[in-house]
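Structure record follows, encoded as structure tokens.
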Amino acid sequence: MNNANGILPPIRPHKPAPPPKPRLAVFKFASCDGCQLSILDAEDELLALADKVEIAYFVEASRRTLAGPYDISLVEGSITTPEELERIQEVRRQSNYVIAIGACATAGGIQALRNWHNVDDFVRKVYAHPDYIQTLDTATPISDHVQVDFELRGCPINKAQLLDVLTALLIGRQPRVPSYSVCVECKRRGAPCVTVAQGVPCLGPVTQAGCGALCPAYRRGCYGCFGPAEAPNLEALGQRFLAMGASPDEVVRLFRTFNGYADAFRLAGDKLEEMQQ
Amino acid sequence: MTKTITIDPVTRIEGHAKISLYLDDSGHVNDARFHVTEFRGFEKFCEGRSFSEMPGITARVCGICPVSHLMASAKAGDAILGVRIPPTAKKLRQLMNWGQIVQSHALSFFHLSAPDLLLGMESDPVTRNIMGLISKYPDIARNGIRLRQFGQDVIRILGGRSVHPAWTVPGGVRDPLAAEDRDQIKRALPEAFDIVELALDLLKDAFDDNTAEIESYGNFPSLFMGLVTPEGGLEHYDGLLRVMDSEGRTVQEDLPPERFREIIGEAVEPWSYLKFPYYKPYGYEDYKGMYRVGPLARLNVCDFAGTPLADRELRQFRRLGEHGKPVTGSFHYHYARLIEILFALEKIEEVLADPDLTSDHVRSNADVNQMVGVGVSEAPRGTLFHEYHVNEDGILQKVNLIIATGQNNMAMNRTVKQIAQTYVNGGGLSEGILNRIEHGIRVFDPCLSCSTHAVGQMPLHIQLIGPNGHLVDERIRD
């Protein structure tokens with residue numbers, strides 16, 4: 001176009017575009033929402049996080065849901081319906097990293113307790129028209145269905161551990177999440193051992209650290225929120241509880257809670273139940 | 001030609017849900033339904049567990065209101081033991097419960113609803129969320145986060161962590177409160193009071209911009225139910241059940257909550273898996289027994305709040321009802337929520353000044369003495385019932401949970417329909433309209449993890465019924 005009055009357009013300084021922010025997505029399957037809410041609970045860190053990543057999919061926080069692909073997908077909850085079976089495959093296809101967060105996503109969660117029952121009984125108990133309910137027979141962890149890049153344990157997860165994993169991914173280092181047992185945290189905290197001192201059954205020796213030995217500090221036994229620690233010896237621990245006077249039923253119930261469907265806890269509970277029969 | 005519009009997922013509420021709207025030939029909304037899509041199965045898998053495990057297990061129903069389930073479950077356990085818990089234990093449980101009212105209502109107001117109220121229902125969805133709020137109104141967003149943090153801190157200080165604390169037990173609580181921890185809460189109170197005052201100002205400013213919304217967002221007569229103190233004051237932990245109609249008549253005088261079965265029935269519809277609780281004496285037909293629970297209902301049924309600042313706000317709130325009648329517009333759940341935050345902060349201040357609060361006697365011990373236990377508390381979203389039947393060893397034979405969101409089910413369906421009929425008429429569906437419908441659901445702050453503790457995803461079965469009652473169209477999606 002002819003520039004009649006001779007004024008030249010201002011020169012735009014040459015500035016490279018800033019690299020796009022990593023895109024974070026948060027997906028929910030069957031769960032209580034407690035783990036994904038720890039993102040909203042990260043208070044001050046939330047403000048910093050909003051700066052570092054683009055939140056592309058987080059229905060709890062936003063009406064905007066952007067199409068993939070996503071750099072990091074946090075997945076909460078277990079797989080319980082045919083629709084979820086398909087949705088998790090789509091999440092995997094769209095995601096660079098899939099991080100399973102919480103006991104539901106990593107072990108099936110509390111609702112996996114139904115895996116020991118006939119699911120039809122469940123539906124009939126609560127619903128007058130069971131034909132309308134569509135559900136799978138089991139509640140299963142994400143890794144039963146797709147490849148998971150990292151599993152963050154806990155019921156609920158530890159907020160600091162979540163921030164560590166996100167930071168690790170953003171700056172390219174390994175996450176620093178311990179695989180040792182709750183006993184280590186308990187000793188570090190200086191809490192007396194509830195099993196030795198009070199004769200209370202405690203899953204601390206076989207449970208992964210992460211809670212800061214919360215229950216033993218309140219003088220109650222650990223009930224396994226963070227799932228099995230590395231190489232746990234549940235059989236020996238179960239025998240110890242029985243020797244202390246716990247009934248086999250009680251021990252089975254202790255193994256079968258929020259992480260009851262995790263391999264180590266499940267096998268130990270099933271074995272004890274078989275021995276009884 | 002009939003058409004179905006689906007909003008899926010419904011965002012910025014707790015859990016997963018979707019909404020279907022059914023349009024007639026001329027594009028007018030014929031009907032609207034609110035669906036929840038998940039299955040967990042608590043009532044069944046709790047059978048065979050010990051009642052003493054139930055606070056820990058049922059807290060996992062919900063990551064937002066775990067404390068409500070802890071309270072209801074521990075109280076059902078108290079009833080099974082047949083004990084009165086030590087006074088300090090009751091005060092500590094109340095303290096935690098008020099902490100939860102603060103955190104949950106702050107989440108609802110600041111994180112989930114404020115983006116609509118402050119940025120506008122029709123504003124760009126790209127920024128209409130907590131992140132958008134952070135960039136446009138950083139101070140307000142920060143304040144919201146701080147207020148929620150206060151409530152979460154109360155829970156964490158008492159129970160060790162803010163989600164699923166292992167703290168309440170049948171017979172009381174597990175650990176006393178140390179004086180230095182009490183003082184830590186006390187020091188954080190002034191800031192929390194400042195923030196809720198600011199939130200009240202923000203909301204009242206929004207009233208002027210939302211006159212049409214106030215009129216159409218679930219504004220209809222219904223019954224209201226909530227707990228009141230024996231004197232008729234606002235109550236969240238204990239008390240008696242009261243039911244009031246929208247004329248302001250008390251239709252159910254204060255009933256001991258363990259007798260809830262006498263007044264609450266549960267209906268089922270073939271098109272929904274979520275049950276429809278209703279007020280039994282009025283029946284289920286024609287929405288006669290429809291009642292609302294939660295902050296709006298609690299403020300409607302109580303005679304007074306019982307703390308100075310909340311009572312002052314309550315007097316203003318009452319002016320929103322016609323001629324001193326109950327407030328029927330669901331939009332005012334927002335206002336009721338903020339008044340309850342104020343009330344909870346005042347009660348926290350009051351109980352922190354109680355010298356008994358740091359006593360060591362916090363647990364009553366007993367064996368199983370009763371075969372049935374009912375525990376009731378006011379969750380942020382409304383009245384919550386846990387009913388347990390046990391054998392002599394305390395092993396659960398039968399479990400029933402009636403949760404707040406389910407009790408608002410009828411009212412939420414009616415709200416969606418009202419908004420859709422106001423805004424979706426012939427024209428296309430703008431993002432703003434979709435968000436209005438969502439906001440109508442959001443005012444109830446539904447807790448869908450709670451709603452779906454029992455039942456789950458169903459293939460959609462859509463029926464369109466013509467004016468003379470015959471089936472015009474039917475679709476089954478599986």
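Values as computed for the structure displayed
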| read-out | value |
| --- | --- |
| Residue, surrounded by the most Cβ atoms within 10 Å (Cβ to Cβ), within segment A:169-191, restricted to residues that are of a type outside the set (A, V, I, L, M, F, W, C) and within 14 Å of chain B (Cβ to nearest Cβ) | A:Glu185 |
| A:Tyr218 being within 11 Å of chain B (Cβ to nearest Cβ), within 20 Å of A:Val184 (Cα to Cα) and surrounded by fewer than 21 Cβ atoms within 10 Å (Cβ to Cβ) | yes |
| Index of the failed condition, B:Ser135 passing every other in (1) in contact (Cβ under 8 Å) with a residue 40 or more places away in the chain; (2) among the hydroxyl-bearing types (Ser, Thr, Tyr); (3) within 20 Å of B:Ala199 (Cα to Cα) | (1) |
| Any pair with Cβ under 6 angstrom, 6 or more apart, that starts in segment B:180-192 at a residue that is touching a residue at least 40 places away in the same chain (Cβ under 8 Å) and ends at one that is open to solvent by less than 80 Å² (accessible area, probe 1.4 Å) and not β-branched (Val, Ile, Thr) | B:Arg182/B:Leu352; B:Lys186/B:Leu352; B:Ala192/B:Leu147; B:Ala192/B:Phe150; B:Ala192/B:Leu345 |
| Failed item, numbered, when A:Arg173 is tested on (1) in a helix (DSSP H, G or I); (2) within 25 Å of the chain's Cα centre (by Cα) | (1) |
| Condition check for B:Ala336: part of a helix (DSSP H, G or I), within 16 Å of B:Asn408 (Cα to Cα) and of a type in the set (Gly, Ala, Ser) | yes |
| Near pairs, Cβ below 7 angstrom, 6+ apart or cross-chain, from segment B:383-409 (over 30 Å from B:Met290 (Cα atoms)) to any residue that is assigned to a loop (DSSP other than H, G, I, E, B) and open to solvent by less than 10 Å² (accessible area, probe 1.4 Å) | B:Leu396/B:Cys46 |
| Filter result (in a strand (DSSP E or B) and touching a Pro at 6+ places or on another chain (Cβ under 9 Å)) within segment B:244-276 | B:Met244, B:Val251, B:Gln252, B:Asp254, B:Ile264, B:Gly265, B:Glu266, B:Ala267 |
| Meets criteria (open to solvent by 40 Å² or more (accessible area, probe 1.4 Å), over 23 Å from A:Val251 (Cβ atoms) and more than 14 Å from chain B (Cβ to nearest Cβ)) for A:Leu166 | no |
| Single unsatisfied condition, B:Thr211 versus (1) modelled with pLDDT under 95; (2) open to solvent by less than 30 Å² (accessible area, probe 1.4 Å); (3) β-branched (Val, Ile, Thr) | (2) |
| Selection within segment B:288-333 - open to solvent by 10 Å² or more (accessible area, probe 1.4 Å), more than 17 Å from B:Ile214 (Cα to Cα), not basic (Lys, Arg) and not in a helix (DSSP H, G or I) | B:Asp303, B:Phe304, B:Gly306 |
| Residue in segment A:152-167 that is at positive phi and touching a helix residue (DSSP H, G or I) at 6+ places or on another chain (Cβ under 9 Å) present | yes |
| Qualifying residue in segment B:115-129 (condition: of a type in the set (Lys, Arg), open to solvent by less than 10 Å² (accessible area, probe 1.4 Å) and in a helix (DSSP H, G or I)) | no |
| Unmet criterion (only one of (1) small (Gly, Ala, Ser); (2) under 30 Å from A:Asp149 (Cα atoms); (3) within 13 Å of another protein chain (Cβ to nearest Cβ)) for A:Ala246 | (2) |
| Any hit, segment A:96-103, residues being in the same structural domain as A:Leu37 (by TED's automatic domain parsing), surrounded by fewer than 21 Cβ atoms within 10 Å (Cβ to Cβ) and at pLDDT 90 or above | yes |
| Filtered residue count, segment B:93-111, keeping only those that are surrounded by fewer than 24 Cβ atoms within 10 Å (Cβ to Cβ) and either outside any helix (DSSP H, G or I) or within 11 Å of chain A (Cβ to nearest Cβ) (or both) | 1 |
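The values are calculated or read from the model by the stated rules, or taken from the named source; none is laboratory data. Predicted model only: the values in this text are computed from it and were never measured. Neighbour counts are summed over all protein chains in view; Cβ atoms, including those assigned to glycine, are modelled from backbone coordinates with ideal geometry. Just so you know, the surface numbers come from the protein's heavy atoms only, side chains and all, with ligands and any DNA or RNA stripped out. Shrake-Rupley method; radii C 1.70, N 1.55, O 1.52, S 1.80 Å.
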